[in-house]
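Engineer: Structure provided below as structure tokens; questions to follow.
The values are calculated or read from the model by the stated rules, or taken from the named source; none is laboratory data. What you are looking at is a predicted structure, and each value in this text was computed from that prediction instead of being measured. A quick note on method: Cβ atoms are made from the backbone with ideal geometry, for glycine too, and the neighbour counts reach across all protein chains shown.
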Amino acid sequence: MKTVSLKIDDSIFGETEKILARIKKPRNRYINEALEYYNKIQRQQILEKKLKKESALVKAESMYVLNDFEEMDYGD
């Protein structure tokens, strides 16, 4: 495990302490779980942005191919 020193806003720290007292969970465990959850959300957002970008690229290429097909004369 790594040791990390961080500064927390007083209001967030106070709220966290109240919650910890009610749920009876160690502060360290609570912060680790919070970071794990936040990392999961961030990974999902990164993937979503990547997929949107790639989808836009595929869409542009698909429209190009579709236009080529529309211009073809199939000689009914």
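Engineer: Write out, first by first residue and then by second, each pair whose Cβ atoms fall under 9 Å of each other, whose residues are 6+ apart or on separate chains, and whose first residue, in the stretch 1-25, is farther than 16 Å from L35 by Cβ while the second is in a helix (DSSP H, G or I) and not small (G, A, S).
Structural biologist: From residues that are farther than 16 Å from L35 by Cβ, the pairs are E17/R27; I23/Y30.
Engineer: Sort through Y74, Y64, Y38 and tell me the only one that's modelled with pLDDT under 90, of a type in the set (F, W, Y) and either closer than 30 Å to S5 by Cα or outside any helix (DSSP H, G or I) (or both).
Structural biologist: Within the list Y74, Y64, Y38, the selection yields Y74.
Engineer: Could you say which residue among E70, E17, E54, E33 is loosely packed, with under 10 Cβ neighbours inside 10 Å and at negative phi?
Structural biologist: On inspection, the qualifying residue turns out to be E70.
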